[in-house]
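To start, the structure itself, in C-alpha cells.
Only the coordinates and a few stated rules stand behind these numbers; no lab work does. The structure presented is a predicted model; accordingly, all values stated were derived computationally and were not measured. All Cβ positions, even for glycine, are placed from backbone atoms using ideal geometry, and neighbour counts span all protein chains on display.
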Amino acid sequence: MARRLLIIAAALLPLGCSDLAAPESSVRQHSGGGSAAEVTLAVDGTRFQHGDTLEAVLTNVGNEPIGYNLCLSARERQESGGEWTRIESLRYCTGAIYNLEAGESERWREPVDPGWGVGTFRLLTPVYEGEGLERRIVVSGSFEVEG
C-alpha cells in the first residue's frame with residue numbers, strides 16, 4: 001500500500017528542483033541525529049576542496065519506509081551573521097519519489113566545483129513520511145569548502 005501511495009504522489013509532484021521552495025510553514029526541519037521519522041542525512045567529511053566529490057548518505061533508521069529523491073537536494077551557505085542562504089541546484093530532476101525501507105541507506109555524490117565558492121555549507125533534502133506523505137526537510141551537519 002505504501003509503495004502504491006508513493007507512486008501516486010510522484011505523479012502529483014512538480015518536476016524540477018523547486019521541491020525545496022515550499023513555504024517554510026509547510027516544512028519541518030531537522031538537523032542531524034534522529035527525529036520522529038528517524039531519518040539522517042550525513043556528509044562524508046568536514047572539509048572539502050574544489051575538485052573533491054562530496055558523498056551524502058540518507059539513512060532511514062526508523063521502522064517505517066519513507067519517500068525520497070536525493071536529486072531534489074539543495075545546499076545552504078552560512079552567511080557572516082549566522083543565517084543560512086539556500087543555493088538551489090541547477091540539475092534537472094524528475095518528480096519521482098522512491099521508497100527507502102527501514103534500515104536502508106541511499107548515497108548521493110556531488111562534485112564540489114569552484115562555483116560553490118568557499119565557506120560553511122550544509123545539505124538539505126525533502127523526505128515524505130506516513131500515509132499522507134507528510135513532507136519535511138532533513139538537514140545535514142555543516143562542512144567547510146576551501147578554494
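Peptides 105-115, 79-89: what's the order by average Cβ count within 10 Å, highest mean first?
105-115, 79-89
When the convex hull of the Cα atoms of the stretch 62-126 is projected onto a plane and the area is averaged over all directions, what value comes out in nm²?
5.5
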